[in-house]
Amino acid sequence: MQMINPAVWDRSTDWQNHFQNANPFKHAVIENFFTDEFCQRLVAEFPPFDDRLAMNENGEVGQKCTHQDLPQLGGVWREVDRFIQTPEFLHWLSQTTGVSDLLYDPHYFGGGTHENRHGQELDVHVDFNRHPITGWHRRLNLIIYLNDEWDDDWGGAIEFHKDPRAPESNEVQVVKPALNRAVIFETTYWSWHGFERIALPEGDNDKRSRKSLAPYFYTKTRPPAELTPPHSTIYVERQLPPHIQPGITLSEEDHATIVRLLARRDQHLKRLYDNILDLGGQLENAQSGEALTLNRRIRAMVGRLLTRLRLRRPR
């Protein structure tokens, strides 16, 4: 059965031109990625939301569910899994982006099917840069949206940022999660992205969600200009909405937004403190002479984390 839309498959050179020249970093947006028939099969067989797969960074059941074992889902998902690891598809993806020698990730680490419910959002971030099992370099994200109906007013659009840490000069490109729309983008230390808060109409909270398929691709090496030490996902908390200024009267929605953003900031700070405690424990347990170099490195890391926390402390 034909899976990729022939009109998409035959235009890899065109997509590479879009990809290489996009701002604020390399990406391409492709409409009608799958054939209509295959896309409808993916929508119809999308796996149910599973609370066990929806634990967030704080150990709570969140509003995002990720199924990382596509073959285990069977049916159409096993077909997708078999296809995206073929030399033909990997070659097409290389032709589409200019990134050669791409590797399929059988672990779907962080990827697979994603489902996000009402109220979910994703702070702007850059992705982890090395696979935790293979050590490969993460190079490309491919996301195909599978929402059979989605209104622009419902949020959930992916945002590509130039630099969210500099709001005065930041540039943002927004892509709505329309059915069968694919986005392909590079993963580097400057590929800042996230998605805006999902705000579904009252009464639709339990009926609708933002769904997508998200496989990620790797290489064994990467260009020297893109190299950084291995790191996990790095987040930047969202700024206050620009209309919140001195002298305004806060609405109930404004107040709820401020409370939500402060709670997210505090959760992030707690994770950083937990990391510091963990590093401190490693220091205490390092006994051998060979650990001295490690001790110095960890102490330097702790110092940098403490400096960041002091800089981020609310004034």
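The values are calculated or read from the model by the stated rules, or taken from the named source; none is laboratory data. Just so it is clear, the structure is predicted and the values come from calculations on it, not from any experiment. Methodologically, a virtual Cβ is constructed for each residue, glycine included, from the backbone with ideal geometry; neighbour enumeration extends over all protein chains shown.
Points to keep in mind about this one:
- Qualifying residue in region 9-31 (condition: more than 30 Å from Ser100 (Cβ to Cβ), out of contact with any strand residue (DSSP E or B) (no Cβ under 9 Å at 6 or more places or on another chain) and not in a helix (DSSP H, G or I)): no
- Counting the residues of region 212-223 that are assigned to a loop (DSSP other than H, G, I, E, B) and over 12 Å from the mean Cα position of the chain (by Cα) gives 4.
- The listed residues are Arg304, Arg271, and the only one of them that is under 23 Å from Gly110 (Cβ atoms), at pLDDT below 80 and not assigned by TED's automatic domain parsing to the domain that holds Pro164 turns out to be Arg271.
- Residues that are exposed (fewer than 13 other Cβ atoms within 10 Å of the Cβ) and among the hydroxyl-bearing types (Ser, Thr, Tyr), drawn from region 233-272: Thr233, Thr249, Ser251
- In the set Pro87, Pro71, only one residue is farther than 30 Å from Gly119 by Cβ, in contact with an Asp or Glu (Cβ under 6 Å, 6 or more places away or on another chain) and either free of Cβ contacts under 8 Å to residues at least 60 places away in the same chain or not assigned by TED's automatic domain parsing to the domain that holds Thr35 (or both); that residue is Pro71.
- Filtering region 40-60 to residues that are in contact (Cβ under 8 Å) with a residue 24 or more places away in the chain, surrounded by fewer than 17 Cβ atoms within 10 Å (Cβ to Cβ) and charged (D, E, K, R) leaves Glu45, Glu57.
- Check on Arg130, basic (Lys, Arg), over 21 Å from Gln40 (Cα atoms) and modelled with pLDDT of 95 or more: yes
- Looking only at residues of region 61-81 that are at negative phi and more than 23 Å from the chain's Cα centre (by Cα), we find that the one that is surrounded by the most Cβ atoms within 10 Å (Cβ to Cβ) is Val76.
- Residue list for region 85-102, restricted to those being among the small types (Gly, Ala, Ser), closer than 12 Å to Phe217 by Cα and not in a helix (DSSP H, G or I): Ser100
- Single match in Pro201, Pro230, Pro177 (criterion: in contact (Cβ under 8 Å) with a residue 12 or more places away in the chain, surrounded by fewer than 19 Cβ atoms within 10 Å (Cβ to Cβ), in the same structural domain as Phe19 (by TED's automatic domain parsing) and closer than 26 Å to Trp154 by Cα): Pro201
Matching residues to (1) more than 30 Å from Glu202 (Cβ to Cβ); (2) among the hydrophobic types (A, V, I, L, M, F, W, C):
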residue	(1), (2)
Ile84	yes, yes
Leu90	yes, yes
Leu93	yes, yes
Thr97	yes, no
Gln120	no, no
Leu140	yes, yes
Tyr145	no, no
Asp152	no, no
